[in-house]
Structure formats: structure tokens, C-alpha cells
Amino acid sequence: MRYVILVSHGQFASGLYNAVSMLAGKDRKDVLFQGLEDGMSTDKFGEKFKAVIENVVSEDEIILFGDIIGGSPLTTAVNILASEEMLSKAFVIGGMNLPTVLTAILMKDSMSMEELKNTLFETAAESIKEFKLADTEQDDDI
């Protein structure tokens, strides 16, 4: 199985999971998450992360999203995956947003990991743009 795992500071991972559930289906067993809550030590986060991945086995593949490259949640998760000998089957992305995570969830089982990587980076590049309102004066002239 391919898992999408979300880690973050605070409740960003759980909130993103909630939003994804609205769009990709609730109670997905292939999407996991853990946040580093305010005041939680990285050791406690690590314990909770280990519990989250307890059903992931070495044959599984992982797409791990973290909110910030180099942040404690992502680095702790990567270190745990390494210690559990799962890092070689993981693709790790720092920086996550709804379009990219949703694409990963919906496309992960229909593409090779290399194709999925390319698609995710394309989605990420396209997912942030300035929103501009149309010029209403021009619309009135038509």
C-alpha cells in the first residue's frame, strides 16, 4: 500500500486531513497524520508518530508531507522512518498544501512513484497564484 502521511506544527496536519476527507472520502486508511502540538516535546511527538505508523510495513511506500523543511515534525518523522528502515521506500516533501496533498491521495495508486513526484511538483508550482478580480469596466463594455 502507498500511504500519504502529514506532519506539522500545531493542528495543520489534522486540519488538512479534515479538508482532504471532505474531497477524497472520509476514514481513509491510507492517509495518516500527526501534529506537534503546542508544548509537546519532540520525544512525545515521536512516540505519537510511531503509533500512527504502527500498521505501515516495510513493503509499503510512503509519501511524507511536512509543513516546513527542516522543522521538528518533519525531521523527527524522517528519523523515525530511518530507524524503522522505512525511509528507502519514502518520498519526503517539505511544504504542503491542499491541492498537492489531494493530488497525492487521488493519484498515488495510478502512477509510478517517479511520475507521481513529477505530478506533485507541477501541482505545487501551479497551486499558488495571485487571485485577481476581473476588470468590471471592461466587462460592462461587452
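The values are calculated or read from the model by the stated rules, or taken from the named source; none is laboratory data. On a predicted model such as this, the values are computed, not experimentally measured, just so you know. Here the Cβ is made from the backbone with ideal geometry for all residues, glycine too, and neighbour counts use every protein chain on show. Each accessible area value is taken on the protein alone, full model and side chains, heavy atoms only, with ligands, DNA and RNA left out. Shrake-Rupley method; radii C 1.70, N 1.55, O 1.52, S 1.80 Å.
Things to note:
- Solvent exposure of the chain, expressed per residue, is 59 Å² of accessible area, with all protein chains present and a 1.4 angstrom probe.
- Relative contact order, whole percent, for the chain stands at 26, derived from Cα pairs under 8 Å and 6 or more residues apart.
- In order along region 108-114, phi translates into HN-Hα couplings of 4, 9, 10, 9, 5, 4, 5 Hz, rounded to whole numbers, per the Karplus curve 6.51 cos²θ - 1.76 cosθ + 1.60 with θ = phi - 60° and x for Gly and Pro.
- Calculated from backbone phi, Karplus (6.51, -1.76, 1.60) coupling profile of region 71-77 in Hz, x at Gly/Pro: x, 4, x, 5, 5, 5, 4
- Region 49-111: relative contact order in percent, alpha carbon pairs under 8 Å with at least 6 residues between: 40
- Sites matching chymotrypsin sites (Phe, Trp or Tyr not before Pro) across region 2-68 that sit in DSSP coil, with at most 12 neighbouring C-beta atoms within 10 Å: none
- Other-chain or far-sequence residues with amide H under 5 Å of Y3's (modelled H): E61, I62, I63
- Globularity ratio of the chain, using Cα Rg and 2.2 N^0.38 Å: 1.20
- Derived scalar couplings between HN and Hα for region 31-43 equal 10, 10, 8, 7, x, 8, 6, 4, x, 7, 6, 5, 5 Hz in order, rounded to whole Hz, by the Karplus curve 6.51 cos²θ - 1.76 cosθ + 1.60 (θ = phi - 60°), x for Gly and Pro.
- Accessible-area composition of region 23-142, carbon plus sulfur, in percent [1.4 Å probe]: 50
- Placing a pseudo-label 7 Å from each Cα along the Cα-to-Cβ vector at M40 and E59 gives an inter-label distance of 3.1 nm.
- Taking amide H atoms as placed 1.01 Å from N in the peptide plane, the amide H of V92 lies under 5 Å from those of L64, each 5 or more residues away in sequence or on another chain.
- Close Lys-Lys pairs in the chain, where close means Cα under 15 Å and separation is 8 or more or interchain: 4
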